[in-house]
Amino acid sequence: MNAHSLDTTLSAPASLAAPAPEARSTPPGDLAIWFFILAELLVFAVFFAAYAFARAQDVALFNAMQDHLDRNAGGINTVLLITASWCVARAVRAVCEHGRSATGAHWLAAAIACGGGFLALKCVEYAGKFAAGISLSTNTFWMFYLSLTFFHFMHVILGLVILSILWLQTRRGGYGPGHANGLESGAAYWHMVDLVWIVLFPLVYVMR
Amino acid sequence: MNTDRSFIVLLAATAATWFIGESGAAGAAAMTATLVLMLAKGRLVVLDFMGLRAVRGYWRLLLPGWLLFVAIVIALAFRLGHST
Amino acid sequence: MQYKSQAVAKPYFIAAIGLFIGQILFGLIMGLQYVVGDFLFPAIPFNIARMVHTNLLIVWLLFGFMGAAYYMVPEESETELYSPRLAMALFWIFLVAGALTIVGYLMVPYAKLAEMTGNDLLATMGREFLEQPLLTKVGIVIVALGFLFNLTLTLLKGRKTSISLVLLMGLWGLAVFFLFSFYNPENLVKDKFYWWWVVHLWVEGVWELILGALLAFVLIKVTGVDREVIEKWLYVIITLTLITGIIGTGHHYFWIGTPAYWKWWGSIFSALEPIPFFAMTVFAFNMVNRRRRDHPNRAATLWALGTGVMAFLGAGVWGFLHTLAPVNYYTHGTQITAAHGHMAFYGAYVMVVLTIISYAMPVLRGRAANSNRAQVVEMWSFWLMTISMVFITLFLTAAGVLQVWLQRFSTSPLPFMVVQDQISLFYWMREVTGVIFLLGLVAYVASFFVKGEAATLASSTSGRAGIGTQPA
Amino acid sequence: MSGTFSKSMARNVFYGGTAFFVLLFLALSFDTQQALPQRDNRANLTPAVAAGKKIWEVNNCIGCHTLLGEGAYYAPELGNVYKRRGPDFIKVWIKNQPTKVPGRRQMPQFNLTDKQLDDLVEFLKYTSEIDTNNWPPNIEG
């Protein structure tokens, strides 16, 4: 290993252009975003563990308060995020494998719409909770509910900002087979946001 | 394609999770079912959406490992909660 | 030295070292007052000595940061400093203002000083680390603005490297967050809440950008590793620092009247704060192992590696020890905090300033590196100071554990002063170790006066022994 | 095949991540401001308390003592001293300093007037009633 091995950029676009899945040693996207993703996942893991163990201290409270959550909204939001993630995956495929920027941009727009739907629905949920006088200081359950979901909520916002930038770039034909580092990186971040919700929904809304 | 098939499975698994919640099921069986669904869903997102299926080496194991770790911690904490 | 305006860094570094000596002398006075309570009383009461000790620390680190910036930014920007004369004028203003403030602390009763310096106009004094009179605070802002003006213009007219951008962001952040020191509401909880916006967001926020930039600069110079590689790792590390450190402020919001949720937020995020420090250590060692040249200044390399390790130990490990709310409930405001504070400040900020001084001073004095003899003395000082700081930390930790046990945890808790008497043995050991630290500092100063044949970059083909790294 | 690791992406992540956590911190701080009235005992924040805080400050009490655990660790915690010792003890104690016991830690004589002592005690009383999540663990501070 020398100093350069970390630094090697993809000098051969052909290696990515080929649709055949070739074994690679690093994930799609930039390593820098992957460090960030890992750090975020670590924070969420600690947060989830904190929730689970705090719940163990007061199961009755957590179960009672959980009944006030809108599981339908949570379920629909899961569907929205999964759909958005799928759209992003299709967008990456359209651009990276087939070089179809226009198709990719459409998929990204659909993903942004789904993400916007998530935010809207979550706002409705929050409005109901705030109207009921619930805050971070109400009790441990609501502290965690609001902290976890709001922390995730902000990630959705950041994810949507990233997707919007990707959408603009893709529409302009800024990415293509072999030069889609930004697109793949942003997509990976969005999938992380989805992944976190896939844990959060059952943990907070369902499990008892 | 993997992506589309995974998407359908993810929708079905979400419906199942939602149903467990609606049924009000509690206890070890419900917990295990929910966590297994969670692991399955997360794994599909990681492998097919994030594209880690095509990656060899530790990068491929890192995120499923994270999922498994989170699931185990949750399971332990819930066991602790039920036993007290 | 590539740009002659870099020379303004030299007086800043000299002043920093001078004030460092003062800081340590007052530290020794306080250490003795811990066990001989009436030592120097009433000439220098403990609260005055402590104020001098901590304020000197802050001021000399600021001198170090400024000197570092004046040295680094022209070289990074590949242009002369916008105004060397402004830099020199600000140097004298800052030095005189700082000296007058310290003299004021020592000569005038604090309440009288407050009255004389307009504390009745805007009460900002008498809060830990922000004890400076209003005039001094205003002076700090003016000096900082002039300094930032000078550097920002230098940067704008030259090459904009990531290192100088990160450095400037850190320095701007330092100035911006200092403004919260002017906000001192009557409500004690609010006072404390925003007090931490200065203190925490400095040392666990923007100062770490400065730390990262200084370390990255020296590593590029002494290892010859590609700038691209070092700079992208710099970004990764400071990202980790800020995503843990900003919300990590919450670990100060457990017991001061702020809402209970900070116990969770603060614990979760600050528990992850060791990660960037660990990353920094790994990074520093990696870069040195991958070095493409053997820089003749082995002392600077040693300081750079030491910064990584000691910052990780002091800020990372010792911070983690008492950062979780259930632990902090018992350790808050005990000698455990003092132990952490000492090693964290030494490991992160003292050492990084000594790193840049170690690298830059020989250059400012017209050579690539000091003579071998001078470097040996400097390395002795490194080990003396670092090892004694480790022991100071260990003794204070032992004192703290005992204090927590007797005063907080026990079923029949003892009063504060009774406990202090019982742990005095550790305070004595700390004081003895502090004297060894001073010896190390004397050796450090002496290393500047050791003669011998100076090394040049060309003559450095051998001699990688002694810095404790494996060959690549 | 080795992956991409570019400085520009690392820089973007730095800016994005920093902005994200700054905003999150501001949001939490905003909530804290909203929640403080229930905790910070502001109902009892009288002019005497404010005057007492200033006396606390201009005599640099924090240079030896801790207040709610923050300050120097040379002398006892004073956040709960009102509950530990009561108002009269505090005033007599301050008046009688320094003790001049050889070898013992000494507190200076600050020459406070009776009014100033009353204000300081009011400040310490107010401080002792702040909701500190039940800190310190016991009366010894």
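Any read-out appearing in this document is the output of simple, stated calculations on the displayed coordinates, not a laboratory observation. Since we're looking at a predicted model, the values are computed, not measured. For neighbour counting, all protein chains shown are included, and Cβ atoms are generated from backbone atoms with ideal geometry for every residue, glycine included.
So how much slack lies between residue C:282 and residue C:108, counting 0.36 nm per residue of separation and subtracting their Cα-Cα distance, in nm?
Value of the extension gain: 57.8 nm.
Which order do C:317, C:350 fall in if you start with the one that has the fewest other Cβ atoms within 10 Å?
C:317, C:350
What ranking do C:401, A:124 get, fewest neighbouring Cβ atoms within 10 angstrom at the top?
So the residues, fewest neighbours to most, are A:124, C:401.
Just rank D:25, C:46, B:19, C:277, fewest to most, by other beta-carbon atoms within 10 angstrom.
B:19, D:25, C:46, C:277
Looking only at other chains, what is the average number of their beta-carbon atoms within 10 angstrom of each beta-carbon in A:113-121?
Mean partner-chain Cβ count within 10 Å for A:113-121: 0.
Between segment C:279-350 and segment C:221-277, what's the alpha-carbon centroid distance in Å?
Measuring centre to centre over Cα atoms gives 13 Å.
Strictly over 21 Å apart at the Cα level, which of C:263/D:54; C:190/D:95; C:190/C:263 would you flag in this model?
C:263/D:54; C:190/D:95
How crowded by other chains is A:45-56, given as the mean number of beta carbons from other chains within 10 Å of each beta carbon?
The shielding value for this peptide is 6.
How big is the charge dipole of segment A:45-149 about its Cα centre, in debye rounded to the nearest 20, if each Lys and Arg gets +1 on its Cβ and each Asp and Glu gets -1 on its Cβ?
Numbers: 7 positive and 5 negative charges, 63 e Å.
In total the dipole reaches around 300 debye.
Got a sec? Charge dipole of the protein assembly as shown, +1 on Cβ for Lys and Arg, -1 for Asp and Glu; which of C:406, A:176, C:21 is way out at the positive end?
The residue sitting farthest along the positive end of the dipole is A:176.
Pick out, from D:61, D:128, D:37, the residue whose Cα sits farthest towards the positive end of the charge dipole of chain D, with +1 on the Cβ of Lys and Arg and -1 on the Cβ of Asp and Glu.
Working it through, the farthest residue towards the positive pole turns out to be D:61.
Which whole number gives the average count of other chain Cβ atoms within 10 Å of the Cβ atoms across peptide D:75-87?
Values: counts 5, 6, 5, 0, 5, 0, 0, 0, 0, 2, 0, 0, 0.
Partner Cβ neighbours, averaged per residue: 2.
Can you work out the PRE-style zone for residue D:134? Point 7 Å along Cα to Cβ, and I want the residues of segment C:244-277 with backbone N under 20 Å.
Hits in segment C:244-277 for residue D:134 at 20 Å: C:251-268.
Quick one: Cα centre-to-centre distance for segment A:23-48 and segment B:28-63, in angstrom?
Using only Cα atoms to place each centre, the spacing works out to 14 Å.
For segment B:2-83, just say rounded, prolate or oblate: build the C-alpha gyration tensor, square-root its eigenvalues into a ≥ b ≥ c, call rounded for a/c under 1.5, and beyond that prolate if a/b exceeds b/c, oblate if not.
Because a/c hits 1.5 or more and a/b fails to exceed b/c, segment B:2-83 counts as oblate.
Add -39500 (n - 2.57) for each DSSP H run of 4 or more in chain C, then divide by its residues: what number comes out at 222 nm, to the nearest 500 deg cm²/dmol?
Taking each H run of at least 4 residues, the total per residue is -23000 deg cm²/dmol.
May I ask which residue of C:317, C:351, C:134 lies farthest towards the positive end of the charge dipole of chain C, with charges of +1 (Lys, Arg) and -1 (Asp, Glu) on Cβ and the Cα centre as origin?
Projecting each Cα onto the dipole axis, the largest value belongs to C:351.
Going by the alpha-carbon gyration tensor, a ≥ b ≥ c the square roots of its eigenvalues, is segment D:41-128 rounded (a/c under 1.5) or, if a/c is not under 1.5, prolate (a/b greater than b/c) versus oblate?
prolate
Sort B:41-50, A:152-161 by packing, meaning the average of other beta carbons within 10 Å per residue, with the highest value first. Walk me through the intermediate numbers first.
Values: B:41-50: 24.4, A:152-161: 19.4.
Highest mean packing first, the order is B:41-50, A:152-161.
Tell me the label-point distance for the pair residue A:58, residue C:412, using the 7 Å Cα-to-Cβ offset, in nm and rounded to one decimal.
Once both label points are built, they end up 3.5 nm from each other.
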